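First comes the structure, then the notes that go with it.
The values are calculated or read from the model by the stated rules, or taken from the named source; none is laboratory data. None of these values were measured; they are calculated from a predicted model. Positions of Cβ are generated from backbone atoms using ideal geometry, with glycine treated the same way; all protein chains shown enter the neighbour counts. To get the accessible areas, we keep the full protein, side chains included, count just its heavy atoms, and leave off ligands, DNA and RNA. Shrake-Rupley method; radii C 1.70, N 1.55, O 1.52, S 1.80 Å.
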Amino acid sequence: MVKLNGVAIQGYGGYVPRYRIKAEEIGRLWGREKQELPIEEKAIAGLDEDSVTMAVEAARIAIRRAGIDPKRIGAIHVGSESKPYAVKPTGTIVAEAIGAGQNILAADLEFACKAGTEAIQLITGLVESGRIEYGLAIGADTAQGRPGDALEYTAASGAAALLIGRLTDDAVASIEAWNSYVTDTPDFWRREGENYPSHAARFTGQPAYFKHILGSINELLNGDGYSIKDIDHFVFHQPNVKFPLAVAKALRLEREKVSAGLISGFLGNPYSATSLLGLVKVLDEARPGDLILLASFGSGAGSDAYILRVLDGIVEKRERAPKLKDFIERKIYIDYASYARFRGKLRLR
Amino acid sequence: MRVSRHWRNKLFRYRLVGWRCVSCGAFHYSKPLVCKRCGSREFREVELPKTGKLLAYTMVKIAPKDFKDKAPYLVGLVELDDGTKILGQLTDFTKEELKEGARVEAVLRKIREDGENGIIEYGFKFRPEIHHPP
Amino acid sequence: MGKVYVAGVGLTKIGEHWDKGLEQLMVEAALKALDDSGLSRVNSIYVGNMAGEFLQEQAHLGAIIAEDLGMVGTPAYRVEAANASGAAAIHAGALEIASGRADAVLVIGGEKLSDGLIEEVSSALLMGERQEYEGFMGADFYSINALLYKLYMRRYEVKDDLIAVFPMLSHKHAKGVAHAQYPFEVSLEKILSSPYISEPLRRFEVSGVGDGAAAIVLIGEELKSKIKTPKTELYISSATDFMTPFEREDPLRFQSLGVAVNKVLDEAKVDRGDVDLIEVHDATSIMAAISLESSGFAEPGESGRLAMRGEFDLGGRLPYNTFGGLKARGNPFGATGVYQVAELHLQLTGRAGKNQVDSPRVGMAQSLGGVGATAIVTLLKAV
Ligand SMILES: [Zn+2]
């Protein structure tokens, strides 16, 4: 466990695209019954959206909340496994679109579903060391799932951004501690040039998701200062509805400590954005003084865990921009045909 | 080549940044040498407001070739909150929301792609404004 | 400035000429015009064409047409002003006659749209707007017209029938016209039940895709007395406006057109009321309505009612698009402005056949580039 010093979230933003497809509609094609489906519905990026546009949406909201001049941002790290360009940074497009300066660090990250929480680590390091004043940590994905594969029911679209700076009186939440836990575990991967990821089915569970999430949380809580019962909200990566609840059970958590951060049942799993969107939802609802434990999971495999303490600044700042609820509620249902077209599964050329 | 043309215009396309004539206030989306309205040669860079209202809209069904894979799509005439009138595509609208006078906000979207190998040209489109307390 | 006369015209039928290239269509029209005039040589050739560089990947049409006409050595240029390219070529040719540098000029307008797919024709038309603005927005020509249509209906509190009446009128006048692309009548009901191309603009309210070429021979005072063929006297003026209608003081007024009309009336010393027939740029129904109102032939918001009352019929107060206009005769972009003037010439020389207007003395042709950013107005007087 590493304790952080004087670093805080100054603004945060979550973005969920407007379109939803019911898992039932996907199941209709592949002969699945309702009780076999891992979630209720998932969010789908529109025809004109990708991880770049969603990252920009989330970043713009985070900046509005922070109320700072984007020229003060010194670094932008975007975590994604669905970059629209295999080669050409997402971070530079985000930087220009939000009006950041040019003497900044922009770098993209990839670590399956945990690239977004990695970005937090890099940004906090830069802020803590005094190399930058503010930095943006973004997770954004238009998650791909092969038609007919189990992943197709959950692979979703969304983005979340945290604007991180020095700890001040009006900060949203301080970032107090961090741990990361990685091993070489090939539970899920996508080879270069492939359109869809592959996975090792049930092997993604125990040796991958559970081992790494619990591994990083246990180490985080091993140090002095934090115990499970002090923590008010837990946010886990959630590839489906069952997995995060199983982690809660393993940690013997009361249901209300995890419920605020659960999104996959109605938004699906937007990969790099998933655990961050859970955090955004918790921040929308938390009270000053609350302690939050965030634990991501990225296949391949690893988990980043953080302890955050909600501060007084959240009360005013969260009202400055749309909340996740606003995006969750403005949904438009689409059928599989539109879904196929929006997500490029329909060959037009 | 489309690349340099897009790159030159990216500030307007990404952030509605352009140039306003110091003497008559006319907006120019790329840096002019002479004001199109009054002939003045003095300008200041401005970032237009991102919100406004929809004055009129229509749907493009038979699109120019660069937009064929995006059709049908909506095009609207928007009056931004500072009074600037601007054309743009509309996105994420439901039938019920598509009304003259509707509040809209500019968001970044993919406008067109130069085939599967070419660059993606991002730019603003207008969607229904998401309300939140000021 | 010397006087300019039209001394011969030539038209090809507008349609899908699969077996003819752009150059052949232009040469065909040019030879007809030369034969009509009785001349075999001219001092200069002006070619109006909008989309050749895009649809045929062919520039340098001046020299090409000179060669194909067997006139190598004759100066020849292409003139471009979007959909008004043909009229712009006439303007250029007329200026050379008026200046005294030339005594005979051949003006040819030609376009071959069938060489493009429908989305390519749409792209070609969009090239008449700013590529960096409307082009990037995907706001094609028809969508801009549709927005104007909505603003018009709202401001004047009229329904679409008072706008769709113009294509009906054009079709009525095209009936049986040999060179027209759509030589048949279309009822208002049929127009108003055709599918939207861009709501509220319907498929039957916009000109179609066709190939065609038209040519005219212009001469000066010196040749006038030597040539026996029927002639008309030509005046031409032009003006521009902001590219985007929504940046104009009033998007529902083509100021360029108003200015050009006043200039040409002034130069020809003709009153608006003396104009006996008019060719209007009805690329869309709404452009026809706005054109008539911008040029003072109808009060704002009133043109549709005048049309309904029959004022623009062949036998009406101001016969309109007497061979079918852009809508029914056809609109091969760069050729259109030349067709208009050639048709006026046929009317004023009493050679309009069953479409002949009763002994007209003055005719006006309005050609627009883009959505009115260029306006070129030609006035012909009987001699
Ligand atoms: Zn000015």
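Take the Cα coordinates of chain C, assign each an equal point scatterer, and use the Debye formula without solvent to give log10 I(q)/I(0) at q = 0.08, 0.11, 0.14 Å⁻¹. Here log10 of I(q) over I(0) equals -0.34, -0.67, -1.13. Applying both filters, DSSP loop and at most 12 other Cβ atoms within 10 Å, to the trypsin sites (Lys or Arg not before Pro) of region A:212-264 gives A:ARG252, A:ARG255.
Interface burial in region A:74-95 reaches 40 Å² or more for A:TYR85, A:ILE93, comparing the full protein assembly with the chain by itself; accessible area from heavy atoms with a 1.4 Å probe.
Note that region C:64-75 has calculated 3J(HN,Hα) couplings of 5, 5, 4, 5, 5, 8, x, 10, 4, x, 6, x Hz, one per residue in order, obtained from phi through the Karplus relation 6.51 cos²θ - 1.76 cosθ + 1.60 (θ = phi - 60°); glycine and proline are x. Unpaired cysteine residues in the protein assembly as shown (no second Cys Cβ under 4.7 Å): A:CYS113.
Whole-Å semi-axes of chain A's equivalent ellipsoid, largest first, each the root of 5 times a Cα gyration tensor eigenvalue?
After diagonalising the Cα gyration tensor, the semi-axes are 29, 23, 19 Å.
In angstrom, the C-alpha Rg and Dmax of region A:60-107 are 11.1, 33.
Put simply, when A:322-329, C:353-360 are sorted by average Cβ atoms within 10 angstrom per residue, most first, you get A:322-329, C:353-360.
When shorter helices are ignored and each DSSP H run of at least 4 residues is given -39500 (n - 2.57), the per-residue value for the protein assembly as shown at 222 nm works out to -8500 deg cm²/dmol.
Loop-only check: which chymotrypsin sites (Phe, Trp or Tyr not before Pro) in region C:283-365 are DSSP coil with at most 12 other Cβ within 10 angstrom?
Values: sites: C:PHE297, C:PHE312, C:TYR320, C:PHE323, C:PHE333, C:TYR339; in loops: C:PHE297, C:PHE312, C:PHE323.
Answer by residue number: there is no such site.
If you model region B:1-47 as an ellipsoid using its alpha carbon gyration tensor, with each semi-axis the square root of five times an eigenvalue, the axes come out at 22, 11, 6 Å, biggest first. Would you mind checking the pairs B:LYS85/C:LYS150; C:LYS32/C:LYS269; B:LYS10/B:LYS95; B:LYS85/C:LYS327; B:LYS61/B:LYS99; B:LYS53/B:LYS125 and listing those with alpha carbons more than 21 angstrom apart? The pairs that break the limit, which is 21 Å between Cα atoms, are C:LYS32/C:LYS269; B:LYS10/B:LYS95; B:LYS85/C:LYS327. Entry for region A:177-313 at q = 0.09, 0.11, 0.12 Å⁻¹: log10 I(q)/I(0) = -0.26, -0.38, -0.45, Debye formula applied to identical alpha-carbon scatterers, no solvent contribution. When A:ILE123, A:ILE132 are compared by accessible area of protein heavy atoms, the largest-first order is A:ILE132, A:ILE123, using a 1.4 Å probe. Eigenvalues of the alpha-carbon gyration tensor of region C:254-383, scaled by 5 and square-rooted, set the equivalent ellipsoid semi-axes at 19, 16, 16 angstrom, largest first.
Please sort A:50-60, A:28-38, C:233-243 by packing, taking for each peptide the average over its residues of neighbouring beta carbons within 10 angstrom, highest first.
Details: A:50-60: 28.9, A:28-38: 12.3, C:233-243: 21.4.
Final packing ranking: A:50-60, C:233-243, A:28-38.
Let me make sure I get this right: for region B:31-76, a, b and c are the square roots of the gyration tensor eigenvalues over alpha carbons, sorted descending. Under 1.5 in a/c it's rounded, otherwise prolate if a/b > b/c, else oblate. Which is it? Please list the in-between numbers first.
Details: a/c = 2.98, a/b = 2.01, b/c = 1.48.
Here region B:31-76 falls in the prolate category.
Counting only DSSP beta bridges with both residues in the protein assembly as shown, the antiparallel share comes to about 75 percent.
To the nearest 100 Å², how much accessible surface do chains C and B hide from each other in total, with a 1.4 Å probe?
3100
For the residue pairs C:LYS263/C:LYS381; C:LYS20/C:LYS112; C:LYS172/C:LYS263, the alpha carbons lie more than 20 Å apart in C:LYS172/C:LYS263.
Against the longest alpha carbon principal axis of chain C, how many degrees, from 0 to 90 and to the nearest 10, is the axis of helix C:255-268 turned? It works out to around 40 degrees. With a 10 Å cut-off around each Cβ of A:122-131, the average count of Cβ atoms from other chains is 0. Peptide A:46-58 has a mean of 5 when you count, residue by residue, the C-beta atoms of other protein chains within 10 Å of its C-beta. Counted by Cβ distance under 12 Å from C:ALA98, the other residues give a net charge of -3, where Lys and Arg count +1 and Asp and Glu count -1. Normalised by residue count, region C:99-168 yields a Cα convex hull volume of 222 Å³ per residue. Rg then Dmax, both in Å and based on the Cα atoms of region C:1-139: 15.8, 50. Hydrodynamic radius of the protein assembly as shown by the Kirkwood approach over all distinct alpha-carbon pairs: 30.0 Å. Calculated on the Cα set of region A:161-248, radius of gyration then Dmax: 16.5, 48 Å. Computed over chain C, relative contact order equals 26 percent, with contacts defined as Cα pairs under 8 Å that lie 6+ residues apart. Packing, taken as the mean count of other beta carbons within 10 Å per residue, orders the peptides B:84-96, A:90-102 from highest to lowest as A:90-102, B:84-96. B:VAL34 contributes about 70 Å² of solvent-accessible surface, heavy atoms of the protein only, 1.4 Å probe. Accessible area per residue for region A:177-313 is 40 Å², calculated with a 1.4 Å probe on protein heavy atoms, without ligands, DNA or RNA. Computed in the context of the full set of protein chains, the accessible area of chain C at 1.4 Å probe radius has 50% of its extent on carbon or sulfur. Ordering C:THR378, C:LEU95, A:ALA137 by the projection of their Cα atoms onto the charge dipole of the protein assembly as shown, which places +1 on the Cβ of Lys and Arg and -1 on the Cβ of Asp and Glu, puts A:ALA137 at the extreme positive end. Going toward the positive end of the dipole of region A:177-313, with +1 on Lys and Arg Cβ and -1 on Asp and Glu Cβ, which of A:LEU253, A:GLY300, A:PHE203 do you reach last? It is A:PHE203, whose Cα lies furthest towards the positive end.
Each Cα pair under 8 Å and six or more residues apart adds its separation to the average, and for region A:177-313 the resulting relative contact order is 36 percent. Extents of region B:49-134, largest first, come to 42, 23, 22 Å (Cα atoms, principal axes, whole angstrom). Dipole size of region A:1-157 about its Cα centre, with +1 on Lys/Arg Cβ and -1 on Asp/Glu Cβ: approximately 400 debye, rounded to the nearest 20. Counting Cβ atoms of other protein chains within 10 Å of each Cβ in B:120-127 and taking the mean gives 4. So for region B:1-111, Kirkwood radius off the Cα pairs, Stokes-Einstein at 4 °C and 1.567 mPa s: how many µm² s⁻¹? Translational diffusion coefficient: 84 µm²/s.
Rounded to the nearest 0.05, what FRET efficiency do C:ARG203 and B:LYS95 give with R0 = 25 Å and r taken as the Cβ-Cβ distance? Could you check?
0.70
Between A:TRP189 and C:MET308, the distance separating the two model label sites (each 7 Å from Cα on the Cα→Cβ line) works out to 7.4 nm.
Considering only protein heavy atoms, with the full assembly of protein chains and a 1.4 angstrom probe, order B:LYS99, C:LYS263, C:LYS269, C:LYS381 by accessible area, largest first.
Working: B:LYS99 115, C:LYS263 85, C:LYS269 175, C:LYS381 45 Å².
Solvent-accessible surface, decreasing: C:LYS269, B:LYS99, C:LYS263, C:LYS381.
Dipole size of chain B about its Cα centre, with +1 on Lys/Arg Cβ and -1 on Asp/Glu Cβ: approximately 460 debye, rounded to the nearest 20. The percentage of C-alpha pairs in region A:91-149 whose separation is greater than 17 Å is 48%.
Here the relative contact order of region B:49-134, from alpha carbon pairs under 8 Å that lie six or more residues apart, stands at 29 percent.
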